[in-house]
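Every read-out reported here was derived from the displayed coordinates using simple, explicitly stated rules and does not represent laboratory data. What you see is a predicted model, and the numbers here were worked out from it, not measured in a lab. Here the Cβ positions follow ideal geometry from the backbone for every residue, glycine too, while neighbour counts run over all protein chains shown.
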């Protein structure tokens, strides 16, 4: 839940969405985020959590939850390393 | 079976045009950029082209182009590096360098090719490119084709750019890339601040001045003049097909770099040289700008202001613009095309921007009034606003 809040804060910083952002929101259809804004959001996620997300992975992200899942995966890998 | 799937995959999705009952793209012009222009035997006021100074159909420019053909023919049928590099070509390079006050210039068949080809030559794998998220697709595609990492900075957000420069850990060269005048909405990049940040962090600025050259600057010299930037250490690209009224693209900068690019950019080396007619026309356009910029510019800005006032007073939601570009906020893709159709029915040619050029619900209709338009034409547009407005109610 905390990660979701951090992600929605980052999304809001980029697109200033007027409503509550939910995990199941589709980035394009619900939040009207285009591919360049997705990149901006992922950059912020990378900076904030000190991880790197592959460009190929970004194109597969359709929902807010997808970003959270990828972040969890990267943070798990980081803790193992 | 695969062939069938391929052709099914490569079919145009024209659902938006069908829903709007109108496809505004590829209008079939039956005239040059006169006032009015002719489409399907009907007269249209041209608010669509980028003919800012209105010189594309100027008699003097046309005569210059004809003179170019008479001396050199229609083409030199070779790339510049082979036998396509004429005295005229060199003269135009020098004239453009003088105009934008940079050391040297190369001319490519288009600015799209200039921007596409530049980054794969100048950027190495350890470098980093920082680019405005609203930069033109030619810059984005060129950057994506480079071997290095790139990152976006929020549109014209200097705090974000500085933050990215501060965080930068790359060991190579950093480039900061932007457009000068953003063509959809008319915002101008704070090039003075970008230049200062680049100097501070040892980054190379790259600016595409396609909608700035011939439009802004003390005498139309573009963005560097506009911001009184002296001793620019970066790279400058621009289209010659907008205010410069012809075709082609330029890359200018320090002489040593341009000489390197002259032998490095595939898009220049392997493309047939820009033909003599537009080259000669560029020289004439530069001469006209030199003598008449203030009067042409006054008309261009006056028309833009009249349109802005007229549409704003009529209740249209207009984008705040710093350039002689007016953009109407026109809703989603279908709404944008329906409004464009209304303009079209009234004999007014405009440029609609729909998804994916802009976000789905942020359609824009762009209006650029060239200095070749008459006061009568602008008055006609202003009087037509009520008719256009009716469909929005």
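Temperature 4 °C, viscosity 1.567 mPa s: under these conditions the Stokes-Einstein estimate for region A:2-80, based on its Kirkwood radius over C-alpha pairs, is 104 µm² per second. Using every pair of separate Cα atoms, the Kirkwood estimate puts the hydrodynamic radius of region B:288-393 at 14.3 angstrom. Dividing the summed helix terms, -39500 (n - 2.57) for each DSSP H run of n ≥ 4, by the number of residues in chain B produces a 222 nm estimate of -13000 deg cm²/dmol to the nearest 500.
Rounded to the nearest 0.05, the FRET efficiency derived from the C-beta distance between residue B:23 and residue B:346 at R0 = 25 Å is 0.90. So if R0 is 30 Å, what FRET efficiency would residue B:291 and residue B:382 give, r being the distance between their Cβ atoms, rounded to the nearest 0.05? The pair residue B:291/residue B:382 has a calculated efficiency of 0.50. In the protein assembly as shown, the DSSP beta bridges split such that about 55 percent are antiparallel, to the nearest 5.
Remark: the residue B:144-residue B:230 segment gains 27.9 nm on full extension, using 0.36 nm per residue and subtracting the alpha carbon distance.
Based on C-alpha pairs under 8 angstrom that are at least 6 apart in sequence, chain A has a relative contact order of 36 percent.
Considered as an equivalent ellipsoid built on the Cα gyration tensor, region B:202-319 has semi-axes of 31, 18, 15 Å, the largest given first. With neighbour counts taken as other beta-carbon atoms within 10 Å, the residues B:75, B:86, B:183 rank, fewest first, as B:75, B:86, B:183. Per residue, the convex hull spanned by the alpha carbons of region B:76-274 comes to 105 Å³. Ordered by the count of other Cβ atoms within 10 Å of each Cβ, fewest first, B:77, B:10, B:111 give B:10, B:77, B:111. A simple spin-label model places pseudo-atoms 7 Å from Cα toward Cβ; at residue A:47 and residue B:219 they are separated by 4.2 nm. Over the protein assembly as shown, the pair-distance histogram of Cα-Cα distances with 10 Å bins from zero comes to 4, 18, 26, 27, 18, 6, 1, 0 percent, rounded to whole numbers. In this simple spin-label model, placing a label point 7 Å from the Cα along the Cα-to-Cβ direction at both residue B:254 and residue A:35 gives a separation of 3.4 nm. If R0 is 56 Å, the Cβ-Cβ spacing of residue B:90 and residue A:23 corresponds to a FRET efficiency of close to 0.35. Residue exposure proxy: B:245, B:225, B:145, ordered by other Cβ atoms within 10 angstrom of their Cβ from fewest to most, comes out as B:145, B:225, B:245.
Over region B:179-271, what is the relative contact order in percent, taking alpha-carbon pairs closer than 8 angstrom and at least six residues apart? Here the relative contact order equals 20 percent. For the peptide A:34-42, the mean number of other protein chain Cβ atoms found within 10 angstrom of a residue's Cβ is 4. Among beta bridges identified by DSSP and lying wholly in chain B, the antiparallel ones come to about 55 percent. Along each principal axis, taking the top coordinate minus the bottom one, the Cα set of chain B gives 58, 57, 53 Å in descending order.
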